[in-house]
Amino acid sequence: MKVIFVTGGAGFIGSMFVRLILEEVKDVKIINFDALTYAGNLENLEGIDSNRHEFIHADITDRKAVLEAMPENADALFNFAAESHVDRSILSADVFLKTNVIGTQVLLDVARHRRVKRFVQISTDEVMGSLPEDENSFFTEESPLRPNSPYAASKAAAEMIVRAANKTFGIDTIITRCGNNYGPRQFPEKLIPLMITNALNDDPLPVYGDGKNVRDWIYVEDHCRAIWEIYLKGKSGEVYNIGARNEKRNIDVVRSILDLLGKPYSLIKFVEDRPGHDRRYAINPQKVETEIGWRPRTSWEEGLKKTIKWYLENQGWLERVRDGSYKEYYRKNYGARLGV
Ligand SMILES: NC(=O)c1ccc[n+]([C@@H]2O[C@H](COP(=O)([O-])OP(=O)(O)OC[C@H]3O[C@@H](n4cnc5c(N)ncnc54)[C@H](O)[C@@H]3O)[C@@H](O)[C@H]2O)c1
C-alpha cells in the first residue's frame, strides 16, 4: 500500500484529488493535512473511503504538527495547501507569505527529515504573469517567472524554494503549474461559482474592467488526473505546465453561465478593474501531453454543465460556506464597486 501525504485536501482541488485517488487507485492510503481555513471544508470529503483516509486538522506552518503527522518514507507529498485567492491577497498579503512560502519551506524540511520519496508542489500559471492578447504567445515551462499579484508572487517564491531543495539537498521534487480550474466544490469567491451563485439569486454579476481578460480553463478532475500521472511518470527537478487548450474571455464565461441558467445578460455589471489584473493566461501543454501522455477528458461545454448542475443540487453547501466572514469579504471587495 502506497502512503501519500496531501496538504490542503479539504479545499476545492485537494478534495477532488483525494476523492479521485481513493476511487481510482486502490492501493493508496492518504494522510490529509489541512488547517480548515475559510476555504477548507470537511463536507467536501463526504462519502469517501474512510478506511484509507486519515484527516489531520493542523497548519503547514506548524513544524511540530507536520513532523508528528508525516510518516517515515511516505511515497509522496502533494502540497495543495495555500491561500489561493488573488483579491484577498490584494486586501492583505501576510497570510499568503506565511502559508504559501513559510509553509512550503516547513514541508520541504520535514519531507527531507522523513525521507519522503517525491515532493509534488501544486503551482499555478499565474507565476508567469500576463501574456499579450496576441493569440500566438503561450506559457511554456521555460517562461520567466513574472508574478503580478501578491498571491502569484508567493506561489513563485514557493516554486523557488522547492527548486532550491532539489538542487541543494537532492530532494526529488516536481512542480506542476495549472491554469484556472472550475468544477464542483469551488469556494464561491472565484469567478465561475461567484457568477453561478449571484445569477441564482438574481444579484448583479460583477465583471472586472472590460471583461476581456482571458483565462485558460480546465475541469478540476482533469487537473487532478494530470497531477497523479505526472507524479508517476515525471522527472525529478522538472516543471510541468497543465492546460486544456481552452482559452475564454471572462465575459464569454459569464454569458455562457447566464445562458445555461436561463438568466438575462442585464444582470452583468462591469465594475472597477482589479489592480494589476493579468490580461491573458494561455498554456502550451505540449510537455505534459508528449512526455506524460496526459490529455483532458472533459470538454468545456460538458464541464460547465456538470459544474452548474452540482451547484444547483448543492445549494445547502453553498449557503453554509457563505457565512459571516465570507459576506464581510464580499462587502470589502465588491461593496464600493457595486455601490451597495
Ligand atoms: N483554483 C485554481 O484555479 C488553481 C489553479 C492552479 C493552481 N492552484 C493551486 O492549487 C492549490 C489548491 O487550490 P484550491 O483552489 O483548491 O484552493 P482552496 O483555497 O480551495 O483550498 C486551499 C486549502 O488549503 C487549506 N489551507 C490553507 N492554508 C493552510 C495552512 N496554513 N495549513 C494547512 N492547510 C491550509 C485550506 O483549508 C483549504 O482546504 C493551491 O496551491 C493553488 O495555488 C489553484
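Each value in this text was obtained by applying a stated rule to the coordinates, not by laboratory testing. This one's a predicted model, so the numbers in the text were calculated from it and none came from an experiment. Backbone-built Cβ (ideal geometry, glycine too); neighbour counts: all protein chains shown.
Structure data summary
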| read-out | value |
| --- | --- |
| Among beta bridges that DSSP assigns inside the chain, antiparallel share in %, nearest 5 | 5 |
| Computed lengthening from GLU319 to LEU145, 0.36 nm per intervening residue step minus Cα-Cα distance | 58.9 nm |
| Cα gyration tensor shape of segment 1-47, rounded if a/c is under 1.5, else prolate or oblate by comparing a/b with b/c | prolate |
| Flagged links, alpha-carbon separation over 29 Å, of LYS98/LYS269; LYS155/LYS309; LYS117/LYS190; LYS117/LYS155 | LYS98/LYS269; LYS155/LYS309; LYS117/LYS190 |
| Trypsin sites (Lys or Arg not before Pro) restricted to segment 266-311 and DSSP loop, no more than 13 other C-beta within 10 Å | ARG297 |
| Under Karplus coefficients 6.51, -1.76 and 1.60, residue-wise ³J(HN,Hα) of segment 273-283 in Hz, glycine/proline x | 5, 6, x, x, 5, 4, 7, 8, 10, 7, 9 |
| Scattering curve values for the chain, log₁₀ I(q)/I(0), Debye with Cα scatterers, q = 0.12 Å⁻¹ | -0.83 |
| Karplus-derived HN-Hα couplings along segment 231-237 (A = 6.51, B = -1.76, C = 1.60, θ = phi - 60°), whole Hz, x at Gly and Pro | 4, 6, 10, x, 9, 4, x |
| Three-way shape call for segment 1-125 based on the alpha-carbon gyration tensor, with the a/c threshold at 1.5 | oblate |
| Rounded to 5, the percent of DSSP beta bridges in segment 117-230 classed as antiparallel | 0 |
| Sparsely packed GluC sites (Glu not before Pro) within segment 12-88, loop by DSSP, other Cβ within 10 Å at most 13 | GLU46, GLU72 |
| Antiparallel content of DSSP bridges confined to segment 168-248, in %, to 5 | 20 |
| Acute angle (nearest 10 degrees) that the helix 191-200 long axis makes with the longest principal axis of the chain, alpha-carbon atoms | 40 |
| Three-way shape call for segment 185-276 based on the alpha-carbon gyration tensor, with the a/c threshold at 1.5 | prolate |
| Order of ILE257, ILE31 - criterion: other Cβ atoms within 10 Å of each residue's Cβ, fewest first | ILE31, ILE257 |
| Sequence-distant aspartates and glutamates (8 or more away, or on other chains) whose Cα lies within less than 20 Å of LYS29 | GLU43, GLU46, ASP49, GLU54, GLU68, GLU72, ASP75, GLU221, GLU229 |
| Of GLN286, GLN315, GLN186, the one that fluctuates the most in a GNM where the chain has Cα springs shorter than 10 Å | GLN315 |
| Max mean-square fluctuation residue, GNM over the chain, Cα-Cα springs under 10 Å, options MET16, MET128, MET160 | MET160 |
| 5 angstrom amide H check on PHE119, placed H, neighbours 5+ away | LEU77, ASP172, THR173, ILE174 |
